[in-house]
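Written below as structure tokens is the structure these notes are about.
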Amino acid sequence: MGRDFKMTGEEVLLSKRIRELADTAQRRGIVTFTDFLNLNEQNILHQTLQKFSWIKGETFGGYEGAERQIAAFIPDAFYIPRDSDSISYPISCIHILPRNIKFADRLSHRDILGALMHLGIDRSKTGDIAVCKDEAYLFCSTPLAGLICTELTKIRHTVVDCTVCDLQEFTYTPETKSIRGSVASVRLDAVMALAFQSSRSSLLSLIADGSVFVNGKLITTNAYSLKEQDIISVRGFGRFRYIGELGGTKKGRHMIEIETYI
């Protein structure tokens with residue numbers, strides 16, 4: 001059984017803000033944008049879109065598969081579903097590179113986020129941080145890109161250079177690991193058990209407590225049936241993609257493939 005969660009005061013305000021932005025888009029014939037939304041905020045967005053059918057919105061985080069995303073509200077005059085290339089999102093991509101790689105610390109997502117917070121930059125103004133060996137890419141609100149490039153000069157003990165790179169030319173393939181195995185069904189709890197090498201029963205509380213999102217939507221029922229290419233995010237555990245079924249076993253189980261993000 002799924003569980004209904006009552007929205008907090010901040011979540012109610014976010015839902016109201018979404019309606020206001022959508023109303024402005026329709027009334028003025030312009031595209032309006034939110035700040036970067038985390039998974040829970042994206043779920044509030046999806047709930048609001050379902051309740052108010054007149055709202056037309058899309059999300060994008062700077063690259064395919066981004067976890068933190070900005071929502072765009074699009075007036076009827078030029079609404080093109082699921083085509084982020086037709087909308088100029090206010091997202092910039094900043095390349096972060098140690099000035100001397102030989103003596104640089106191995107910088108983590110947490111290190112970079114901490115440095116941004118030290119500069120007083122609100123988390124809602126930044127998106128994903130993609131760490132790739134000795135370098136990193138930060139997605140941020142375009143009006144802040146210049147400030148970050150000027151002020152973000154040191155992370156931990158490492159001096160860094162920050163430059164804005166062309167968003168359209170950016171390509172990022174996160175490091176993943178493929179897992180194949182058999183499950184009794186493609187229900188959410190069964191596939192999660194394979195992904196995290198745990199028992200189904202031990203994962204039920206995560207689903208019931210509102211820690212599991214599928215494609216940015218909160219899922220609170222373990223009986224939810226996954227579809228190919230669904231991205232599952234679990235707070236405190238990580239993310240994985242359900243690739244699909246490979247076939248069946250003689251005992252009637254489903255052979256599936258998933259891809260976990262390392």
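FYI, it's all coordinate maths here, none of it is from the lab. This is a predicted model, so every value here is computed, not measured. Methodologically, a virtual Cβ is constructed for each residue, glycine included, from the backbone with ideal geometry; neighbour enumeration extends over all protein chains shown.
Could you let me know the centre-to-centre spacing of segment 1-71 and segment 156-205, using Cα atoms, in angstrom?
That distance is 23 Å.
Going 7 Å from the Cα of Ala223 along its beta-carbon direction, which residues of segment 180-195 have the amide nitrogen within less than 16 Å of the resulting point?
Counting only backbone N, you get 185-190.
Taking N as the number of residues in the chain, what is its alpha-carbon radius of gyration divided by 2.2 N^0.38 Å? Before the final figure, lay out the partial values.
Numbers: Rg = 20.2 Å, N = 262, 2.2 N^0.38 = 18.3 Å.
In units of the globular-protein estimate, the chain measures up at 1.10.
Would you kindly state how much longer the chain becomes between Asp105 and Leu204 on full extension, computed as 0.36 nm times their sequence separation minus their alpha carbon distance, in nm to one decimal? Numbers along the way, then the final one.
Numbers: separation 99, 0.36 × 99 = 35.64 nm, distance 3.88 nm.
Extra length from Asp105 to Leu204 when fully extended: 31.8 nm.
If you keep only loop residues by DSSP, which trypsin sites (Lys or Arg not before Pro) in segment 195-257 have at most 15 other Cβ atoms within 10 Å of their Cβ?
Lys227, Arg235, Lys250, Lys251, Arg253
Sort by residue number and report every cysteine in the chain with no other cysteine beta carbon within a distance under 4.7 Å.
Result for the chain is Cys93, Cys132, Cys140, Cys165, no neighbouring Cys Cβ within the cutoff.
Could you estimate the translational diffusion coefficient of segment 176-261 from the Stokes-Einstein equation, with Rh from the Kirkwood formula over C-alpha pairs, at 4 °C and 1.567 mPa s, in whole µm²/s?
Approximately 102 µm²/s, per Stokes-Einstein.
Which of the GluC sites (Glu not before Pro) found in segment 99-176 are in a DSSP loop and have at most 16 neighbouring Cβ atoms, other than their own, within 10 Å? Don't skip to the end; give the middle numbers.
On the way: sites: Glu135, Glu151, Glu169, Glu175; in loops: Glu175.
Listed in order of number, the matching sites are Glu175.
Quick one: in segment 121-227, what % of C-alpha pairs are over 22 Å apart?
On the way: 3072 of 5671 pairs.
Tail of the P(r) past 22 Å holds 54 percent of the pairs.
Which three numbers, in whole Å and largest first, are the semi-axes of the equivalent ellipsoid of segment 91-169 derived from its Cα gyration tensor as √(5λ)? Kindly include the intermediate steps, with their values, before the conclusion.
Numbers: eigenvalues 67, 39, 24 Å².
Each semi-axis is the square root of five times an eigenvalue, giving 18, 14, 11 Å.
Length gain on complete extension for the stretch Glu10 to Arg180, per 0.36 nm per residue less the alpha carbon to alpha carbon distance? Don't jump to the answer; show the numbers that get you there.
On the way: separation 170, 0.36 × 170 = 61.20 nm, distance 4.05 nm.
Value of the extension gain: 57.2 nm.
Rounded to the nearest 500, what is the chain's calculated 222 nm mean residue ellipticity when only DSSP H runs of at least 4 contribute -39500 (n - 2.57) each, over all residues? If you can, show how the numbers build up before the last one.
Working: 6 runs with 70 residues, N = 262.
Computed mean residue ellipticity for the chain: -8000 deg cm²/dmol.
With respect to the cross-link table entries Lys56/Lys227; Lys6/Lys56; Lys102/Lys154, which display a Cα-Cα separation exceeding 19 Å? List each step's numbers first, then the result.
Details: Lys56/Lys227 24 Å; Lys6/Lys56 24 Å; Lys102/Lys154 15 Å.
Going by Cα-Cα distance, Lys56/Lys227; Lys6/Lys56 fall outside the 19 Å limit.
Using the 10 angstrom Cβ neighbour count as an exposure proxy, how do Glu228, Glu67 rank, fewest first? Please list the in-between numbers first.
On the way: Glu228 12, Glu67 18.
Ranking Glu228, Glu67 by Cβ neighbours within 10 Å, fewest first, gives Glu228, Glu67.
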